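Undergrad: Please read through the structure below; I'll follow up with questions.
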Amino acid sequence: MMKSHLAVFFITCFLFCAYIMTSDSVYTLPFPFPPDQVEILLALKDEFPSFDCDLTWKLDYFSRRDTRANISSWTKDSDSFDGVSFDSDTGVVSALSLGRQCLTSLKANSSLFRFQHLRYLDLSENHFYSSPIPSGLDRLASLESLDLSKNGFIGEVPSSISNLSRLKNLYLSDNKLTGRIPHLRNLTLLENIDLSYNNFSGTIPSYLFTMPLLLSLDLRQNHLSDPLEKINSSTTSDFLGLDMAYNFLSHRIVEPISKLANLVYLDLSFQKTPYTFKFDLLLFKSLERLDLSGNSVSVVGTAPENLTHLYLSSCNITEFPMFVKDLQGLSWLDISKNRIKGKVPELLWNLPSMVHVNLSQNSIDSLEGTPKLILNSSISQLDLSSNAFKGSFPIIPPYVNIMDASNNYFTGGIPLAFCNRYKLNLLDLSNNNFGGSIPRCLTNASLRLEALKLSNNNLTGRLPDIEDGLVLLDVGHNQISGKLPRSLVNCTTLKFLNVEGNRINDTFPFWLRDLWSLEVIVLRSNRFHGPISSPEISLSFTALRIIDISRNSFNGSLPQNYFANWSAPLVNIPQGYRWPEYTGDEHSKYETPLWAYPSVHLRIKGRSIELGKIPDTYTSIDFSGNSFEGQVPESIGFLKSLIVLDLSNNSFTGHVPSSLAKLKQLESLDLSQNKISGNIPQELRDLTFLGYVNMSHNRLTGQIPQSTQISGQPKSSFEGNINLCGLPLQESCFKAPSTPPPQTQEPELPKEEHVLNWKAAAIGSGPGLLFGLVIGQALAQYKPVLFHKLFRL
């Protein structure tokens, strides 16, 4: 069980966040508000150019609710100011919660700095990209909490921040701040400091470990090295949480921080140093959470006796850490991504508090212990994936509700023992050799299964009826036949459906449009057939982001308005971001439900790629490898957030729709192997994100649009057409006019020869001329008789 001081630490953080979230209700004054404060608020509103920011469908992945304050609603006559709290006694603005407002600029002379009595300021998750933190913050002398996280601020933290003497909470995480850690020695009231996910460098100032009231310090993922000075911390220090993961710290850091007698949480994972960390130096009496993942670790010896969470992933460990047998309070053990072989010792099942065990990515081949011993275990989350298990599935603890045994060599049928669970949230048996049919009980609502992953096995038969509650269903690459169960229409919670690579013989499931949560549909490589449009049915999805129906036998034409009413995630361009910013932190400090990250094989840029974690903003349509005909609908231009479009290997005719130029987010476009004719719209050169284009083997003519993205494609992207010209093809669109062949001229004679020729002509023409005169005279005299005899005139 967690110790009281750890509970206090997390409860304190929770209460603070809850206070900020609800501060408007705590301090809001009745209408009217003080005029001078309203004047400053409206001046602040006018400083920001636009509030056209639609993040509703991204902000809350599960409920689709937008909980942001609405600064655009501020007016002189407002009876409330969203995100603003007023002091109940004096009426001054005491708190501003302006996170996630798409704000883009904050000037040094901003009206924000006129709020002299401001105590709480939250500007997190805005868009101050490539801007420094303004130096005017020091004018907010009453500030107790400052949150500038997730903004993209650059440069060094202004030194003036050290003047905020009342500051208790400082959050600058997830920016691009550089230089050394700011000077905070004078801020003696600080309780929480978060500088994580930045580019701070240099040594860690030793005074940070001795600040009198500091409870937590987060320096995760920077470029920091060991302190130069020794740390003389008092044994009465209140320091509870220390996160220094992803830096350049060595084993020498252990000795100074060991003086933090009350430390409860310590994360030293993934240090970029070759040193080995030893447990013998980590015997903190109060330590409950320890993360040394990504380092070289010696598991010989003993561990802190009060540990509840132990992370030793990617530590080059070759044997099971036997010291865990003495950790009676241990509830979370992660020894994944090591080189452990053989059996899991039975001591694991004897630990009374154990809940979560991650043994994935080792070479373990069996579980040691009697069935009775295993069935008495308290483990509820067990990860055996990517090991060397083979044969029939073993006996597992009865209370397991998250079971991952993927990527092994299990054979036989899926055990019916899974059906006897009180609750089973996740079952992942993918990438094994299971055969037989899928047990019907796995899809009963009583089991409360949220994610079922059975892909890449040898399963046969039909898909059983599926009841409500399922979020993810992946049965791809098996031998499942029959039709899609119509009971899926009752599964209103379904977000991800993948049945690719089976033998399902069915028509297009129009009824899936009633699943308002459905985001990903993959029907690839089956025996689906018939049209995908109907005059009686308007195909309108609510949440769809990815649809792959390639390599089937769908046919018919698509109406021109086919895509006009598709989902908001496909139609609305995300504001202010394009992809989630992954920081490279493979070992997240936040636990995420496993089913939230479904993997799927998609054809992107001409290649089949597996996406292990699908970004929230990823969008794709793949209709390739069918028998569609007719014109590609112009309504495709409505899907303005589309990233991948593949209509290849069909029988589409007509022209390339000019509305494709509206897809400004498009990265991959494949129209190859069709019967499309006419010119390629020149507007496509404006698609600046376009990295892959394939229009080969059609009937296209005219000039290829010239842009860096298009002309840089290989020639094969445009080959096999009638008369295309321009780069990347070698045929030029501007041929020079042809010139007539030169006429043969007589060689020019010398001047003497000209004179001789004239003389010869004169000599020859004289007798001829005389002879002609004589004959002409004779004909004139005897013309009637001569012509009568010759021509009977």
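The values are calculated or read from the model by the stated rules, or taken from the named source; none is laboratory data. Computed from a prediction, not measured in an experiment: that's the story for all the values here. No Cβ is skipped: glycine too gets one built from the backbone with ideal geometry, and neighbour counts run over all protein chains shown.
Undergrad: Taking the conditions exactly as written (at pLDDT 95 or above and surrounded by fewer than 18 Cβ atoms within 10 Å (Cβ to Cβ)), does GLN631 satisfy them or not?
TA: yes
Undergrad: Which members of the range 512-549 meet the condition of being touching a strand residue (DSSP E or B) at 6+ places or on another chain (Cβ under 9 Å) and over 18 Å from ASN626 (Cβ atoms)?
TA: Matches in the range 512-549: ARG513, LEU515, LEU518, GLU519, VAL520, PHE541, LEU544, ARG545.
Undergrad: Quick check: anything in the range 122-138 polar (S, T, N, Q), under 25 Å from PRO227 (Cβ atoms) and within 33 Å of the chain's Cα centre (by Cα)?
TA: Scanning the range 122-138, I find no residue that is polar (S, T, N, Q), under 25 Å from PRO227 (Cβ atoms) and within 33 Å of the chain's Cα centre (by Cα), so the answer is no.
Undergrad: Another question, then. For the range 326-348, does any single residue satisfy the condition of being in a loop (DSSP other than H, G, I, E, B), among the hydroxyl-bearing types (Ser, Thr, Tyr) and surrounded by fewer than 20 Cβ atoms within 10 Å (Cβ to Cβ)?
TA: No.
Undergrad: Considering (1) small (Gly, Ala, Ser); (2) surrounded by fewer than 19 Cβ atoms within 10 Å (Cβ to Cβ); (3) closer than 21 Å to PRO321 by Cβ, say which one SER392 fails and leave the rest.
TA: With respect to (1) small (Gly, Ala, Ser); (2) surrounded by fewer than 19 Cβ atoms within 10 Å (Cβ to Cβ); (3) closer than 21 Å to PRO321 by Cβ, SER392 is out only on (3).
Yes/no per residue for (1) under 17 Å from ASN572 (Cα atoms); (2) touching a helix residue (DSSP H, G or I) at 6+ places or on another chain (Cβ under 7 Å); (3) of a type outside the set (Gly, Ala, Ser):
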residue	(1), (2), (3)
PHE628	no, no, yes
GLN631	no, no, yes
ILE636	yes, yes, yes
ASN650	no, no, yes
HIS655	no, no, yes
GLN673	no, no, yes
PRO681	no, yes, yes
ARG685	no, yes, yes
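Undergrad: Please count how many residues of the range 273-302 are closer than 26 Å to ASN387 by Cα and in a loop (DSSP other than H, G, I, E, B).
TA: 6
Undergrad: Checking SER162 against (1) over 27 Å from SER258 (Cβ atoms); (2) at pLDDT 95 or above, which test does it fail?
TA: (2)
Undergrad: Identify, by number, the condition in (1) in contact with a helix residue (DSSP H, G or I) (Cβ under 7 Å, 6 or more places away or on another chain); (2) surrounded by fewer than 23 Cβ atoms within 10 Å (Cβ to Cβ) that LEU164 doesn't meet.
TA: (2)
Undergrad: Among the residues of the range 240-272, write down those that are under 16 Å from SER216 (Cα atoms), of a type outside the set (S, T, N, Q) and part of a loop (DSSP other than H, G, I, E, B).
TA: LEU240, MET244, ALA245, LYS259, LEU260, ALA261, LEU263, VAL264, LEU268
Undergrad: A further question follows. If VAL489 passes every condition in (1) surrounded by fewer than 21 Cβ atoms within 10 Å (Cβ to Cβ); (2) assigned to a loop (DSSP other than H, G, I, E, B) but one, which one does it miss?
TA: For VAL489, the exception is condition (2).
Conditions tested, residue by residue: (1) of a type outside the set (A, V, I, L, M, F, W, C); (2) in a helix (DSSP H, G or I); (3) touching a strand residue (DSSP E or B) at 6+ places or on another chain (Cβ under 7 Å).
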{"position": "LEU307", "(1), (2), (3)": "no, no, yes"}
{"position": "VAL324", "(1), (2), (3)": "no, yes, yes"}
{"position": "SER353", "(1), (2), (3)": "yes, no, no"}
{"position": "ILE364", "(1), (2), (3)": "no, no, yes"}
{"position": "LEU382", "(1), (2), (3)": "no, no, yes"}
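Undergrad: Testing SER233 on (1) out of contact with any helix residue (DSSP H, G or I) (no Cβ under 6 Å at 6 or more places or on another chain); (2) at pLDDT below 95; (3) within 22 Å of ASP280 (Cβ to Cβ); (4) of a type in the set (Gly, Ala, Ser), one condition comes back false. Which one is that?
TA: SER233 satisfies every listed condition except (1).
Undergrad: Which one of these does VAL157 not meet: (1) modelled with pLDDT under 90; (2) over 22 Å from PRO34 (Cβ atoms); (3) crowded, with 21+ Cβ neighbours inside 10 Å?
TA: (1)
Undergrad: Can you list the strands (runs of 3 or more DSSP E) found entirely within the range 85-179 that contain at least 3 residues being touching a residue at least 60 places away in the same chain (Cβ under 8 Å)?
TA: By residue number, 93-97.
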